[in-house]
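Q: Sharing a structure below in structure tokens format, with a few things to ask.
The values are calculated or read from the model by the stated rules, or taken from the named source; none is laboratory data. Just so it is clear, the structure is predicted and the values come from calculations on it, not from any experiment. Cβ atoms come from the backbone with ideal geometry, glycine included; neighbour counts cover every protein chain shown.
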Amino acid sequence: MAAGWWTVLKTVPWSDVISAAPQVATGARRLWDTVNRKPGAVDPATGLSPEMAAQEDDVIGLLIARSEQNDAELNDLRNQMRAASELIANLADQNAQLIAKMDVQRQKITWLSVTAGLSALLAVVALILVAVRT
């Protein structure tokens with residue numbers, strides 16, 4: 001199972017991922033700032049024709065109720081969009097931190113592999129020297 005993950009991790013172009021992480025974090029932060037700066041809902045003009053204005057109050061009351069319902073739904077959608085963009089920004093920041101930590105670990109594993117290889121080479125040389133002297 002670990003070998004499968006190892007092959008997957010080896011095929012990832014880490015230099016590209018690491019170089020793109022700050023751009024992703026910056027883009028997400030920009031999205032969050034843009035969404036957060038948007039003002040609240042603005043009531044649009046009613047746009048009633050003269051014929052509709054002359055009709056009963058029921059139509060106007062119905063239009064007002066629909067307008068209030070639409071405003072409430074719009075505010076709800078704005079709040080959801082703000083929450084989603086905040087989540088995206090946080091995930092992008094965490095992704096950038098995770099990638100930076102993974103790069104550090106990759107470098108440590110590389111040095112550990114080199115050290116283990118040199119130790120194995122020294123052990124083989126020592127074994128050969130012991131075998132030759134006896």
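Q: Please enumerate the residues belonging to the stretch 64-80 that are within 16 Å of ARG37 (Cβ to Cβ) and surrounded by 13 or more Cβ atoms within 10 Å (Cβ to Cβ).
A: ARG78, the sole residue that qualifies.
Q: Name the single residue, out of those in the stretch 87-119 being more than 33 Å from the chain's Cα centre (by Cα) and not hydroxyl-bearing (Ser, Thr, Tyr), that is nearest to ARG30 (Cα to Cα). Explain how you work it out, then say what you get.
A: Here is the first cut: in the stretch 87-119, the residues more than 33 Å from the chain's Cα centre (by Cα) are 114-119.
Cutting the leftovers down to not hydroxyl-bearing (Ser, Thr, Tyr) gives us 114, 116-118.
Values: VAL114: 42, ALA116: 45, GLY117: 46, LEU118: 48 Å.
Top of the filtered list is VAL114.
Q: Only one residue in ILE88, ILE64, ILE109, ILE60 is at pLDDT below 90, within 30 Å of TRP6 (Cα to Cα), part of a helix (DSSP H, G or I) and out of contact with any Lys or Arg (no Cβ under 6 Å at 6 or more places or on another chain), so which one is that? Show your work before the answer.
A: Values: ILE64 fails: within 30 Å of TRP6 (Cα to Cα); ILE109 fails: at pLDDT below 90; ILE60 fails: within 30 Å of TRP6 (Cα to Cα).
None of the others qualify; the one that does is ILE88.
Q: Next question, about the same structure. Go through (1) within 13 Å of the chain's Cα centre (by Cα); (2) exposed (fewer than 13 other Cβ atoms within 10 Å of the Cβ) for ALA84 and report which single condition fails.
A: The number of the failed condition is (2).
Q: Determine the pairs where a residue that is free of Cβ contacts under 8 Å to residues at least 12 places away in the same chain, located within the stretch 22-38, has a partner that is among the charged types (D, E, K, R) and surrounded by 16 or more Cβ atoms within 10 Å (Cβ to Cβ) with Cβ atoms under 8 Å apart, the partner being 6 or more residues away or on another chain.
A: none
Q: Among the residues that make up the stretch 15-35, is at least one of them over 25 Å from LEU98 (Cα atoms), of a type outside the set (Ser, Thr, Tyr), at pLDDT below 65 and surrounded by 11 or more Cβ atoms within 10 Å (Cβ to Cβ)?
A: No - not one qualifying residue is present in the stretch 15-35.
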